[in-house]
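Below: one structure, written as structure tokens.
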Amino acid sequence: MYLLNRIIFTGLIFISWQLNAQVALPTFQGVQSAPKDLYSFSSHTFTSCGSTGRYGPTLSNCTNAYSPAWVDNTDYFNVTNGIQFWTVPETGTYTIEVWGARGGYSGYSTSLYGKGTKMKSDHSLTKGEIIKILIGQPGSVNSATNYQYNSSGGGGSFVWKSGASSPLVVAGGGGGGSHQNSQHSNLDANVGESGKPGIDTNGSVTQSNGGSDGSGGSGSSYSYQAGSGGGWLSDGGGGHNQCAYAVSGGKGINNNGGAGGEGGNHQGGGTNYLGGFGGGGGASGACGTSGSGGGGGYSGGGVGNTCCSSMGGGGGSYNTGSNNYSSTSLGYNTGDGKVIITKN
């Protein structure tokens, strides 16, 4: 009996060994986790990619202007109607610095124009989110030296999440300058949300007010006036030109794409009066007398209300997020707009 039990026990062990030999036991190697980021990113400066005038750049303009490899992948970067689309590569905190563009100036007074604001703040962004970026372009440089030939408003620069009803950061564009020989504070964009009123020929603030709460600036009923700046929500008011040439305010950004205003066409010089992309108002250029356009921004800048050669008010700005800074400490911009995004 003992011998029989021994034989049975040995047989069971042998069968168990055979079964284990045929079953692959799991091996515990390192588990591969999903990558944290879509692509490598530390900081990038978004620009107008060489574009000028009332419309923004194309995708080709920007892929030629930028060097990172990710700009060649349209899943990560694209451009539609001048607005740049950037895909957030990794969830985290990003510093966003935004500069609005300067206003235009005339050949008579090349240093007299409104400056754009600079706004900066930190924002929590999520991997895969689409961020829309509109870079403001300067108002026109009117090469005429006749003191009555004025200029257009500069475009504001905007950053917002795709589908959002309000922006993250906006830096207002400067108002268009004129032949007047003294700078006026209303020419420069506003660090606050409202657009500034335009400036009459005698240097007084006009009754044509800048916009508020995201609206475009008010137009003027005077015969020679330019277009006001466009705002986040609506277009700037159009100008009135006694020669019957169209003068339009800058287009609203969120609804109408932010094109600069069309200018008057005095003596065939219409290209001298186009508002800058980002809602800059067009200049009048009317029959030897004219007004300058308002700057684009969160709320658009206004225009003057007297003849002749009045100046445009600067556009308003907007800043959410944390750790906020503005032109009060950063200074003002005298050139093209830009946006700098840095991963913290």
Q: Test each condition in (1) under 20 Å from the mean Cα position of the chain (by Cα); (2) more than 24 Å from N344 (Cβ to Cβ) for V88 and report the one that comes out false.
A: (2)
**Q.** Enumeration of residues in region 71-81 that are outside any strand (DSSP E or B) and not hydroxyl-bearing (S, T, Y)
**A.** V71, D72, N73, D75, N81
Q: Scan (1) surrounded by fewer than 20 Cβ atoms within 10 Å (Cβ to Cβ); (2) part of a strand (DSSP E or B); (3) of a type in the set (S, T, N, Q) for the single condition Q84 breaks and write down its number.
A: (1)
Q: Answer yes or no: is there a residue in region 47-68 that is in a strand (DSSP E or B) and without any contact (Cβ under 8 Å) to a residue 40 or more places away in the chain.
A: no
Q: Take the residues in region 302-323 that are in a loop (DSSP other than H, G, I, E, B), modelled with pLDDT of 90 or more and over 17 Å from the mean Cα position of the chain (by Cα), then tell me which one is farthest from G116 (Cα to Cα).
A: G302
Q | Residues within region 247-291 that are in a strand (DSSP E or B) and either at pLDDT 80 or above or in contact with a helix residue (DSSP H, G or I) (Cβ under 8 Å, 6 or more places away or on another chain) (or both), tallied | A | 1
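The values are calculated or read from the model by the stated rules, or taken from the named source; none is laboratory data. Since this is a predicted model, take the numbers as computed values, not measurements. No Cβ is skipped: glycine too gets one built from the backbone with ideal geometry, and neighbour counts run over all protein chains shown.
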